[in-house]
Amino acid sequence: MSAPRRIAVIPGDGIGHEVIPAGLAVLTRAAESGGFPLAFEHFDWGCEHYRRTGRMMAADALDRLADFDAIYLGAIGAPDVPDHVSIWEMVLPIRQRFDQYVNLRPMKLLPGVTGPLAGRGPADVDMICVRENSEGEYSGIGCLDADGAREEAIFTRRGIERIVRYAFELAARRPRRLLASATKSNALRHSMVLWDEVVEQVARDFPQVSWRKYHVDALAARMVTAPQGLDVIVGSNLFGDILTDLGAAISGSLGLAPGANLNPERLHPSMFEPIHGSAPDIAGQGIANPIGAVWAGALMLDHLGAPEAARRIEHAIAAVLADGDVRTPDLGGHATTADMTRALAARLP
Ligand code: ATP
């Protein structure tokens, strides 16, 4: 057996404490049966830590995380802690310090799941969003005073180029080789004009990929009316954020959707998390769907060099959903998080 990969585990808040243990159980089983040992170290950072100490994470958190091979995150947020504290003092610093400039979010309707779009099935909804994760509209630059507020979006040529290139490379590896670029250059006449220009330049290196640009509002409509024509979607931080919640909804449930924050050069740890939040409305009831967290764990194994274990987990997810016997309430059933976790573990090939 090789040396264990070291994973920093941050369950965070709310249902993070329910879905991360589920994810760890399935991941450990899949990885170790494939001779790929994992060593987990837990950190109790999040809103409870903030209430106790006034900080979301320990002061030296980023230095400590730097030594890990990957970070496995549950969810961050609580009703009594403002989002600008929980997100800006934890999630965004991690993404920025480790230059996790790719946010990868598969959006796929799996057999056995009923999506909300009438007449659409798994063959119609199979997209993946490549969201810029390090700059754009979430630069944090601006001000708020009595007269109003100003929010600055920062788009660098380098930042756009690297995310767009990642998306084209991904599209070139997928069977349909399609790419849609989300823009809004009709209204955002500086940043999105540059975005379009860079997309056009990068596209010249990928003649095998068919691509189109869509204004983001039209693209949102298209995801609903004609999802079968979409494959890889590349968008800015804000556009990707919005489009992926829509994508998760048309894939059947927010509880199913995984996300990866990647530093593709592997100079720093990447971070893997379900895309849902802490879901305070259902936290503590043991009914959260763990599949988004489990699937995020599969993306982590893939990234760490265990693609067979990742495929085993993805097959287990597909098999349990296709069987349809075990469904958490978000999928219309009565199963608990523990029931779903057992079912997934039992279906690992
Ligand atoms: P936060 O402020 O942390 O983002 P939120 O409630 O605004 O929390 P989400 O946590 O993403 O946002 O939840 C949105 C809705 O989706 C809630 O009704 C929640 O119960 C539901 N939901 C989210 N994740 C899951 C899950 N894993 N299983 C079942 N339902 C979920």
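Note down all Cβ pairs under 8 Å where the first residue falls in segment 70-95 and is in contact (Cβ under 8 Å) with a residue 24 or more places away in the chain and within 15 Å of E48 (Cβ to Cβ), the second is of a type in the set (D, E) and assigned to a loop (DSSP other than H, G, I, E, B), and they're at least six residues apart or on different chains.
G74/D13; A75/D13; I76/D13; G77/D13; A78/D13; S86/D13
Take the residues of segment 175-226 that are within 30 Å of G121 (Cα to Cα) and of a type in the set (S, T, Y): which is surrounded by the fewest Cβ atoms within 10 Å (Cβ to Cβ)?
Among residues in segment 175-226 that are within 30 Å of G121 (Cα to Cα) and of a type in the set (S, T, Y), the one surrounded by the fewest Cβ atoms within 10 Å (Cβ to Cβ) is T225.
Which residues, counting only those in segment 320-337, are free of Cβ contacts under 8 Å to residues at least 60 places away in the same chain and open to solvent by 20 Å² or more (accessible area, probe 1.4 Å)?
Scanning segment 320-337 gives D325, V326, R327, P329, H334, T336.
Tell me, please, whether a residue that is more than 14 Å from the ligand (Cβ to nearest atom), of a type outside the set (D, E) and buried (at least 23 other Cβ atoms within 10 Å of the Cβ) can be found in segment 51-59.
Residues of segment 51-59 that are more than 14 Å from the ligand (Cβ to nearest atom), as a first pass: 51-55, 57-59.
Imposing the further condition that a residue be of a type outside the set (D, E) reduces the set to 51-55, 57-59.
Okay, now just the ones that are also buried (at least 23 other Cβ atoms within 10 Å of the Cβ), so none.
No, because not a single residue in segment 51-59 is more than 14 Å from the ligand (Cβ to nearest atom), of a type outside the set (D, E) and buried (at least 23 other Cβ atoms within 10 Å of the Cβ).
Out of all the residues in segment 244-273, which are over 19 Å from I233 (Cα atoms), touching a strand residue (DSSP E or B) at 6+ places or on another chain (Cβ under 9 Å) and away from the ligand (no atom under 13 Å from the Cβ)?
Of everything in segment 244-273, those that are over 19 Å from I233 (Cα atoms), touching a strand residue (DSSP E or B) at 6+ places or on another chain (Cβ under 9 Å) and away from the ligand (no atom under 13 Å from the Cβ) turn out to be P269, S270, M271, F272.
With the structure loaded, tell me whether A30 is farther than 15 Å from F68 by Cβ, in the same structural domain as H303 (by TED's automatic domain parsing), open to solvent by less than 10 Å² (accessible area, probe 1.4 Å) and away from the ligand (no atom under 14 Å from the Cβ) or whether it fails that test. Let's see the steps before the verdict.
Values: farther than 15 Å from F68 by Cβ: yes; in the same structural domain as H303 (by TED's automatic domain parsing): yes; open to solvent by less than 10 Å² (accessible area, probe 1.4 Å): yes; away from the ligand (no atom under 14 Å from the Cβ): yes.
Yes; evaluated as a whole, the condition is true for this residue.
Checking G46 against (1) away from the ligand (no atom under 14 Å from the Cβ); (2) in the same structural domain as A298 (by TED's automatic domain parsing); (3) surrounded by 17 or more Cβ atoms within 10 Å (Cβ to Cβ); (4) not aliphatic (A, V, I, L, M), only one condition comes out false. Which one?
It is condition (1) that G46 fails.
Condition first: on the phi < 0 side of the Ramachandran plot and surrounded by fewer than 16 Cβ atoms within 10 Å (Cβ to Cβ). Can you find one or more residues in segment 67-77 that meet it? First the steps, then the outcome.
Keep residues of segment 67-77 that are on the phi < 0 side of the Ramachandran plot, which gives 67-76.
From the residues that got through so far, the ones that are surrounded by fewer than 16 Cβ atoms within 10 Å (Cβ to Cβ) too are 67.
Yes.
Among the residues in segment 239-247, are any closer than 30 Å to V294 by Cα and touching a Phe, Trp or Tyr at 6+ places or on another chain (Cβ under 9 Å)? If you could, list the steps in order and put the result at the bottom.
Start the filter on segment 239-247 by keeping residues that are closer than 30 Å to V294 by Cα, which leaves 239-247.
Retained after the next criterion (residues that are touching a Phe, Trp or Tyr at 6+ places or on another chain (Cβ under 9 Å)): 241.
Yes, segment 239-247 has at least one match.
Quick check: is even one residue across segment 302-312 within 16 Å of the ligand (Cβ to nearest atom) and open to solvent by less than 50 Å² (accessible area, probe 1.4 Å)? Outline the logic, then answer.
Taking segment 302-312 and keeping what is within 16 Å of the ligand (Cβ to nearest atom), we get none.
The answer is no, given that none of the residues of segment 302-312 is within 16 Å of the ligand (Cβ to nearest atom) and open to solvent by less than 50 Å² (accessible area, probe 1.4 Å).
Going residue by residue through segment 156-170, is there one that turns out to be surrounded by fewer than 17 Cβ atoms within 10 Å (Cβ to Cβ) and over 24 Å from D217 (Cα atoms)?
For segment 156-170, residues surrounded by fewer than 17 Cβ atoms within 10 Å (Cβ to Cβ) and over 24 Å from D217 (Cα atoms): present.
Could you tell me whether any residue of segment 14-24 is within 16 Å of the ligand (Cβ to nearest atom), open to solvent by less than 50 Å² (accessible area, probe 1.4 Å) and of a type in the set (D, E)?
Yes: one or more hits.
The values are calculated or read from the model by the stated rules, or taken from the named source; none is laboratory data. Bear in mind the structure is a predicted one, so any value in this text is a computation, not a measurement. Quick reminder, even Gly has a Cβ in these numbers, built from the backbone with ideal geometry, and neighbours come from all protein chains shown. Accessible surface areas use protein heavy atoms only, side chains included; no ligands, DNA or RNA. Shrake-Rupley method; radii C 1.70, N 1.55, O 1.52, S 1.80 Å.
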